[in-house]
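The values are calculated or read from the model by the stated rules, or taken from the named source; none is laboratory data. As the structure is a prediction and not an experimental result, all values here were calculated from the model. Here Cβ is always computed from backbone atoms with ideal geometry, including for glycine, and neighbour counts include all displayed protein chains.
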Protein chains: 4
Amino acid sequence: MGRVLGLVLLLSGVVIATAQGGEAGGLHSSDSRRDPHGLAAGMQPWWPSRYGADDQRGSLNEITPAVVLGAIGLVKRGETVDLGRVLDEDTPKFPGRYWHQTVDLSAHVTNLRRPDAQGKGWGKNQINWITEIQAGTFQVGTQLDSIGHIQIGDRFYNGWTVRDVVESWGLNHFGMETVPPIVTRGVLVDVAAFKGKARLDKGYVIGVEDLDGALARQGVALRQGDAVLIHTGWGSLWGKDDATFLSGEPGPGMALIDRLYERRVAILGADTWSIGPVPGEDPERPFLVPQTMYVKMGLFGLENLATEDLAAKRIYEFLFVLTHGKTRGSTAAVVAPAAVY
Amino acid sequence: MGRVLGLVLLLSGVVIATAQGGEAGGLHSSDSRRDPHGLAAGMQPWWPSRYGADDQRGSLNEITPAVVLGAIGLVKRGETVDLGRVLDEDTPKFPGRYWHQTVDLSAHVTNLRRPDAQGKGWGKNQINWITEIQAGTFQVGTQLDSIGHIQIGDRFYNGWTVRDVVESWGLNHFGMETVPPIVTRGVLVDVAAFKGKARLDKGYVIGVEDLDGALARQGVALRQGDAVLIHTGWGSLWGKDDATFLSGEPGPGMALIDRLYERRVAILGADTWSIGPVPGEDPERPFLVPQTMYVKMGLFGLENLATEDLAAKRIYEFLFVLTHGKTRGSTAAVVAPAAVY
Amino acid sequence: MGRVLGLVLLLSGVVIATAQGGEAGGLHSSDSRRDPHGLAAGMQPWWPSRYGADDQRGSLNEITPAVVLGAIGLVKRGETVDLGRVLDEDTPKFPGRYWHQTVDLSAHVTNLRRPDAQGKGWGKNQINWITEIQAGTFQVGTQLDSIGHIQIGDRFYNGWTVRDVVESWGLNHFGMETVPPIVTRGVLVDVAAFKGKARLDKGYVIGVEDLDGALARQGVALRQGDAVLIHTGWGSLWGKDDATFLSGEPGPGMALIDRLYERRVAILGADTWSIGPVPGEDPERPFLVPQTMYVKMGLFGLENLATEDLAAKRIYEFLFVLTHGKTRGSTAAVVAPAAVY
Amino acid sequence: MGRVLGLVLLLSGVVIATAQGGEAGGLHSSDSRRDPHGLAAGMQPWWPSRYGADDQRGSLNEITPAVVLGAIGLVKRGETVDLGRVLDEDTPKFPGRYWHQTVDLSAHVTNLRRPDAQGKGWGKNQINWITEIQAGTFQVGTQLDSIGHIQIGDRFYNGWTVRDVVESWGLNHFGMETVPPIVTRGVLVDVAAFKGKARLDKGYVIGVEDLDGALARQGVALRQGDAVLIHTGWGSLWGKDDATFLSGEPGPGMALIDRLYERRVAILGADTWSIGPVPGEDPERPFLVPQTMYVKMGLFGLENLATEDLAAKRIYEFLFVLTHGKTRGSTAAVVAPAAVY
């Protein structure tokens, strides 16, 4: 809530303004973790997470200093591959998501009305500037999701509920400001190459045997704290056949993410718009893969990665770096991670 | 321009729709570099830049593989310091800049109307999700500017003009999609400590002797391709006394940026909302420092860095990593770089 | 959902796209009116409304052709008073509400790149244009609320629930596209003048006796279908002392709105930011007046009216006209009604 | 510029903040009317307008009290026809224009955290509310343009220039807050019926003889101050064949608007997305009709009117009412005028 708006209204003794960030204000904090209401029949509480009841970092806890040092050692050439796709309003988006930008060059006109305007700008140095206005959601393009993006019913990771977490301006837990910079080992798993295809089929369920086979083919083994990036080839449709791209996707099945959770990887990413096969393994459980990853495992996910350059260059191990804007309470960030090798 | 909007209108034989990205459409491309009109009296063309007439990467060209490898070698402990500040609508902003986010939890309601809704969500797994709508400019918070953000009159870096570069959706040159991931050596220059102050004064002009003195005190020398981050202490006002924070700032003077340009550094950042002293050295030339950096030198700048942790820990050399969302045509990105040491 | 986004995704046999306007798509319609769950202890269903179970027009049903003709007859001079306040980002707003506009003059630059640009514009007629980008809510400024803006628990007017009504893009019932143009008799009730004050006190509860007294003083009687506009004088704080303006307000109490409902008026408006006293009559029931008006009575409300000119001119009866933009699913419209006399 | 942003920055003695509304701030006002630079060869200054050099109301000056009284007398039945179309993100838009709305129901969650929450809402009355966030331009849907929307080169109505008029937040002249409520006589001119067609052809130039013929057929004569609404039948494509709808349109030619200017009408509207034929009469002068209307004549225009009901009912004379939200500096308003008869 803006300060200009944050005039504290005392209404019948009740403060209605709330402070952004949740430090203060009229809204009480709420903690529903001990009261596991609202679970579907047969569902058991999945919390506390293995990282503790108060954890918000999930699988990023796996990235220890030792993991970082191990990753650093992979850089041999000092070269970088960009894993992000360019985002604009035409790039394919999940239904309901949008992104729009408008240039603001009004300073080129208004600066001419300054008392010391000169020629075409302000001051003897004729300065001018251009900005932009953007409107949309961060759930678009190459994106890093917050583990708070998805819920089971009204429950988040670690058992928090919508009532506990949601503010008008975003999430008071799990917002992107809680996600640290990520520097770790990256592993590209080229499942498409392993299967001898340029592009896996829509709905193809990537299994443990695909992971093992692809890694064996590449001569690479997974380690704790890895950023595991799956190349399915599906991303080759981006910008070329967006309707097909959005109509479904191949992706890791439930058995595979169980394996990755066991192996304590830090991130699972892919060249698809979601993670997991669409249609999914169980027609009665839509988007079960990312839901399980985020809510139960606290396992971070990356979507719409540009993995094709790494695959073409057969770079399977690298230093993975990902920093993002820390916008408070956001459920995702538009990103462009990099592979350094 | 959205595809849905991109219906090509043939008006009197003239196509009025333009394709985003500039690949096609009714607008001709324009190149005013050879015609140096509009310069103030006594101004000489500053182009082509030392990186070539067609260059858009400016000082980031200094980051060669050798530079990357040198930076990689600085990581000894595998630890990371986050250099970004959290952004929300209350954080201090330059007049006219804004940022607003609203949570979207409508899926928690609409999913209940799906044919196979169960309990509180969709499917037997009761999935729900939350997103956000954001509106604002990327010229806020900890930010990486495009070198296209500032102009001299109507001229950009390398002599392009507003006519050449501006589209309704942003910039067709120098947009953030043209800025690569950044992995290089970072150097913190603690000028505040060198001057024996917690915070340099407003308008203090950081000179070459301050740089040299601070580096000598730290026992560090600059190299080509460095990300040079200046700790002025001014950032301690952020969120505590925003009015004072925005009222001015200390910063590098013209002689210092000339030196840094000579030394071929890749980035100059600070814990201030702009770069350079405000009020400036020459009252008739407002914001001359960033203008010179971006337009004439192609030297990239970073604002509102959280340098205090590095300063407190006396970490003066480190691996600097910065990746950002590649939103087409934007003049900046909200970022949070990291120092790995 | 945009058509460009409305690619129908068949996921496990489930359509996830929904058509805006509710004509089609994967979401079923829902009707919870017959199942009065979720009411507080002791609360009785308030539906169906007196205008029928399917009604969305509420008190605007009172405006019959005869009412219109009666109102038309009040115009004697052909003069008009504007009852709207100018809206910008600085005008006072309820906490959490915002409004921001940015000019878009990019056409002045891009038109110069058309093949037949001439001088400073497009074509021999040198045409250019300017637009704007706006971001915010319609719940600001002089506004006409939808009766769907407020709920009791999760129930709307006529017993609909949030599950029934909410779409990602707005409300599928009671959106501003369902509100017809309003042409009826307007009556200004100058309660401030009746009480001998320039401005009623914060929290002052306007009672039936105030209405009767003020009308008697004015020599005017209410009729079915009237737009009743209350001048409290509170609006004189707008733009002069916004903190006080937003800190509370005088307004009609519950007995008065009961009387107005009996008299079958069509609209109740005031020169305050909400309707009803703040603090309210019952400290345990915040904003009970507009809640009762919208949810139980279907009585439309108007906020932040500029009533001072009518009061100063002692114009107490007039033709009231109000047309508004029909944005689908919106909970309010920013308006500027007019009094013709 | 928001107050929260309006911290007056004194930079080298220069105030960079500007107050919205132009009351104060660091930007000087500018008046280029006396210096007619920048006109194309052979162009003569078109200012001052016939309403005076300082006028902003243009043709709305024609609506005198006598005109209003004459219009009032046309209401015989007390019935109303709505002339507005519903606007959402799917309705057809000119390339580059957009509109997006997202529901905000966060109060249904956050209210549960108030100290005195009860059941599903706040207080014993369990109050909740819903709002929306909208992003887009007002240059969409059924719209009333400001006469400041279009320019000749950099010149507006009455000779003002872009330098004089443009602020970062909109226009300091001709914004929608300067447009008064409109109550006048409306005349539907059914040119389609006169020509014996359901829909005039794309590019059809409606001439003076069409106007005269249609009026004669209808038995109606124009008067000063009229709102002249042309039914071309083109609006029947809206929402049915948007691609054709946007591909061009029939409309009044230059001779016809000259005639209407002579007759001193107040408004010219149509059931098309612009006013005037597309392709136009002169292929070298795109959009010459609205440009001439707004910039030279100050004649207000209305687009995307829903004229079909009036045409079907053969209602050719009526009371025309149009009120709109007074958003400061906007170039248009989304509206829904009404015909009362």
Mind counting the residues in segment C:133-152 that are part of a strand (DSSP E or B) and in contact with a Leu (Cβ under 6 Å, 6 or more places away or on another chain)? 1
All positions within segment D:65-81 that are touching a Phe, Trp or Tyr at 6+ places or on another chain (Cβ under 9 Å) and not basic (Lys, Arg): D:Ala71, D:Leu74, D:Val75, D:Gly78, D:Glu79, D:Thr80, D:Val81
More than 7 Å from every other protein chain (Cβ to nearest Cβ), assigned to a loop (DSSP other than H, G, I, E, B), within 25 Å of D:Leu305 (Cβ to Cβ) and not hydrophobic (A, V, I, L, M, F, W, C), is that true of D:Lys76? yes
I'd like the full set of residues that are more than 19 Å from A:Ser106 (Cα to Cα) and assigned to a strand (DSSP E or B), limited to segment D:153-183. D:Ile182, D:Val183
Of the conditions (1) out of contact with any strand residue (DSSP E or B) (no Cβ under 9 Å at 6 or more places or on another chain); (2) part of a strand (DSSP E or B), C:Val228 fails just one. Which one is it? (1)
Does C:Gly186 satisfy the condition of being within 14 Å of chain D (Cβ to nearest Cβ), buried (at least 23 other Cβ atoms within 10 Å of the Cβ), at pLDDT 95 or above and part of a loop (DSSP other than H, G, I, E, B)? no
Would you confirm whether any residue within segment C:36-56 is more than 7 Å from every other protein chain (Cβ to nearest Cβ), over 22 Å from C:Ile152 (Cβ atoms), part of a loop (DSSP other than H, G, I, E, B) and touching a Ser or Thr at 6+ places or on another chain (Cβ under 7 Å)? no
Restricting to segment B:57-67, name every residue that is in a helix (DSSP H, G or I) and out of contact with any Leu (no Cβ under 9 Å at 6 or more places or on another chain). B:Leu60, B:Asn61, B:Glu62, B:Pro65, B:Ala66, B:Val67
Filter segment A:309-335 down to the residues that are under 11 Å from the mean Cα position of the chain (by Cα) and more than 17 Å from B:Thr142 (Cα to Cα) and list them by number. A:Thr331, A:Ala332
Looking at A:Thr244, A:Thr307, which one is crowded, with 20+ Cβ neighbours inside 10 Å and either among the polar types (S, T, N, Q) or modelled with pLDDT under 95 (or both)? A:Thr307
Hey, among A:Glu132, A:Glu167, which residue is surrounded by 24 or more Cβ atoms within 10 Å (Cβ to Cβ) and under 29 Å from A:Arg285 (Cα atoms)? A:Glu167
Within segment A:235-292, how many residues are under 21 Å from A:Asp309 (Cα atoms), among the hydrophobic types (A, V, I, L, M, F, W, C) and without any contact (Cβ under 8 Å) to a residue 60 or more places away in the chain? 4
Given the options C:Asp271, C:Asp258, name the one that is acidic (Asp, Glu) and within 27 Å of C:Glu79 (Cα to Cα). C:Asp271
Would you check if there is a residue in segment C:289-301 being of a type in the set (Ser, Thr, Tyr), buried (at least 22 other Cβ atoms within 10 Å of the Cβ) and closer than 25 Å to D:Lys326 by Cβ? yes
On the given criteria, is D:Val67 modelled with pLDDT under 50 and either at negative phi or within 14 Å of chain C (Cβ to nearest Cβ) (or both)? no
I'd like the full set of residues that are more than 7 Å from chain B (Cβ to nearest Cβ), assigned to a loop (DSSP other than H, G, I, E, B) and of a type in the set (A, V, I, L, M, F, W, C), limited to segment A:86-105. A:Phe94
Hits in segment B:45-76 - residues which are without any contact (Cβ under 8 Å) to a residue 40 or more places away in the chain and more than 23 Å from the chain's Cα centre (by Cα): B:Ala66, B:Leu69, B:Gly73
Scan segment C:56-73 for residues that are within 10 Å of C:Phe300 (Cβ to Cβ) and aliphatic (A, V, I, L, M) and jot them down. C:Leu60
Any residue in segment A:317-341 that's at the interface with chain B (Cβ under 7 Å from one of its Cβ atoms): show its pairings with residues that are in a strand (DSSP E or B) and polar (S, T, N, Q) at Cβ separation under 6 Å, as long as the two are six or more apart or on different chains. A:Thr331/B:Thr131; A:Val334/A:Gln143; A:Ala338/A:Thr80; A:Val340/A:Thr80
Here are some conditions: (1) modelled with pLDDT of 95 or more; (2) in contact with a strand residue (DSSP E or B) (Cβ under 9 Å, 6 or more places away or on another chain). B:Arg85 meets all but one. Which one does it not meet? (2)
Among (1) crowded, with 22+ Cβ neighbours inside 10 Å; (2) over 22 Å from B:Leu299 (Cβ atoms); (3) within 13 Å of another protein chain (Cβ to nearest Cβ), there is one condition B:Ala192 misses while meeting the rest; what is its number? (3)
Select from segment A:106-122 the residues that are more than 8 Å from chain D (Cβ to nearest Cβ) and assigned to a loop (DSSP other than H, G, I, E, B) and write down the one among them that is farthest from B:Trp129 (Cα to Cα). A:Gly119
